Amino acid sequence: MVEQLPSILDASADPPTLFDGTTRLYVTYTCPYAQRTWIARNFKGLQEKIKLVPIDLQNRPTWYQEKVYHENKVPALEHNNEVRGESLDLIQYIDENFEGPKLLPEDPIKQEFATELLIYSDTLNKVNLSKITSKGDTLDEVDAAYDKLEEALAKFDGPFFLGEFSLVDIVYAPFVVERFKPLFAEVKNYDVTKGRPKLTKWIEELNKIDAYTATKCDPIELLGGIKKRFGID
């Protein structure tokens, strides 16, 4: 059953009845950081336990910063009368504190590798964004970054980084699949999957996971917004 997504709240919207025992996940539908937490929620089957509250970041309600999350960004999770933020922290918090399939294996070797890859995700994003917005054509750093992902995907049996679907896949999917892959193809005529069969298979398998595909935005709208924001021709 497809979830009926709630309407986006802008500056004119009244706040929900805060801290009434309802667990709320504050997101923006086009934000990749918020998308991470949304995927984790979906995969664990928490659609009824964690209510989505979409915020318009371009015209955000004043009550969001004043009464919900003083950082005034997404994602944020209202749970047990507290509000937490930061996507990497939140996906782990959701995995540890809610029912549903575990998103981090108990194998200590896989846990150690997961930690390494979660830390590397910010580096990958910075490299990609730097090169996609630059005027030069040198993509050596991008090549190295995607070679690292290809190598990482070969470490364990299975199409995902830890073999089975995990927090690591959730962290990388919104950026690599929906943003960087199509942007590099369009702007730099560069295919991040060329010569990388593991990465190709990873993307194919991700797109079979309903918890992820339910969070995907219209690609034309999404990429148009990114190009406008960063001045990409």
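The values are calculated or read from the model by the stated rules, or taken from the named source; none is laboratory data. Note that the structure is a prediction, hence the values are computed from the model and not measured. Note: ideal-geometry Cβ built from the backbone for every residue, glycine included; neighbour counts use all protein chains shown.
Worth pointing out:
- All told, E78 falls short of being acidic (D, E) and at pLDDT below 95.
- If you go through the stretch 112-137 and keep only what is surrounded by 14 or more Cβ atoms within 10 Å (Cβ to Cβ) and without any contact (Cβ under 8 Å) to a residue 40 or more places away in the chain, you end up with Y120, V127.
- A residue that is in a loop (DSSP other than H, G, I, E, B), among the β-branched types (V, I, T) and closer than 24 Å to N207 by Cα occurs nowhere in the stretch 49-72.
- Of the set (1) of a type in the set (A, V, I, L, M); (2) without any contact (Cβ under 8 Å) to a residue 24 or more places away in the chain; (3) under 25 Å from L223 (Cβ atoms), all apply to I109 but (3).
- Options Q58, Q65, Q35; residue that is of a type in the set (S, T, N, Q) and in contact with a Ser or Thr (Cβ under 6 Å, 6 or more places away or on another chain): Q35
- S134 meets the stated requirement of being among the polar types (S, T, N, Q), outside the structural domain of K67 (by TED's automatic domain parsing) and not in a helix (DSSP H, G or I).
- Subset of the stretch 182-199 (residues that are within 13 Å of A145 (Cα to Cα) and assigned to a helix (DSSP H, G or I)): L199
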